[in-house]
Amino acid sequence: MTQNPQPIANRLRSGLPFALGAYFIWGLLPLYLHLLRGIHPFEFVGWRIVFTLPFCLLLVTISQEWQAVRRAITSPRTLAILCASSVLIGINWLLYIWAIQRGHALAASLGYYINPLANVLAGTLFLGEKLGRRQWQSVMLAAIGVALLAFGALDMLYISLSLAVSFSGYGLVRKVAPVESLAGLTIETMLLFIPGILIIAHYTQGTGGQLTNAVAKIDPLLAASGIITAAPLVMFATAARRMDYSALGFVQFLSPTLVFILGIFVFHEPLRPIQLGSFVLIWAAAALFVADLLNRRRANR
């Protein structure tokens, strides 16, 4: 009897390498942002948008997804949804860059620990998804952690919640957008391109220069922001299509864990006991939530 090749095919098509790649890049992103800390966060977001668009256009051409881009652009409903998602991702980029450059890596880390649980709440409120008992317990643990942080560090709480809400909102809007991931990201970048140019022009003129001169003197490290922005988003979209949700949810906590470690050991941010307690509760909530997903997966099998 010949061996069934299906398990091998499934392993070959696994999205785990793509998920690990995306979250590993996002987790190490503070190191890259630290090298560019001399650039104002608004200006950096402008350059990030400008350099992301050519990379997206190249990927669309290689993958032959121009038809999907045309369908999305000519659909008023889809275009309106992508306008909303482009605003949310732009806000998230700005908040994250500002937090890292201002020495709030731990706050950024906490925001993305909260994010998976914020997605659960968004799915419950807006998509009609139902939570199990253990999932509600994980949400309550996270809420206690946030309350603990709020009690001892109000100056960090707004950063964490803003990051979590903006990225959760972005994911929710993109979930209902009838467009493929690469085509959607390309259109979002197109919509943000003119604001990005205007932001760059504003900060260039503020230093007495001109936009054309600024473009001619671009630092290669800054130009790499396009690839660093688009590549993990594309890898994430690939992983989401190929992986079980429970496995993808487990990998999602890699990124804020890396940011948390960088904040303490590389950027030497002070870790107060109240912050540590909050993070422990968030980790416990994440572990409980992932354990429930894995149990459900085994039960379904």
The residue that is farthest from THR189 (Cα to Cα), considering only those in the range 222-256 that are of a type outside the set (A, V, I, L, M, F, W, C) and at pLDDT 85 or above, is PRO256
Take the conditions part of a helix (DSSP H, G or I) and touching a residue at least 12 places away in the same chain (Cβ under 8 Å) and apply them to LEU125. Does it pass? no
Let me confirm something: among GLN67, GLN101, which residue is polar (S, T, N, Q), out of contact with any helix residue (DSSP H, G or I) (no Cβ under 7 Å at 6 or more places or on another chain) and surrounded by fewer than 23 Cβ atoms within 10 Å (Cβ to Cβ)? GLN67
Please state which of the following conditions SER86 fails to meet, knowing it meets all the rest: (1) within 22 Å of ALA201 (Cβ to Cβ); (2) among the small types (Gly, Ala, Ser); (3) assigned to a helix (DSSP H, G or I); (4) at pLDDT below 90. (4)
Which one of VAL60, VAL45 is of a type in the set (Val, Ile, Thr) and surrounded by fewer than 21 Cβ atoms within 10 Å (Cβ to Cβ)? VAL60
Matching residues, the range 147-183, being at pLDDT 90 or above and not aliphatic (A, V, I, L, M): SER162, SER166
Reported set for the range 75-120 where residues are in contact with a Phe, Trp or Tyr (Cβ under 6 Å, 6 or more places away or on another chain), β-branched (Val, Ile, Thr) and over 18 Å from GLU180 (Cβ atoms) is ILE97
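The values are calculated or read from the model by the stated rules, or taken from the named source; none is laboratory data. On a predicted model such as this, the values are computed, not experimentally measured, just so you know. Using ideal geometry, Cβ is built from the backbone for each residue, glycine included, and neighbour counts are taken over all protein chains shown.
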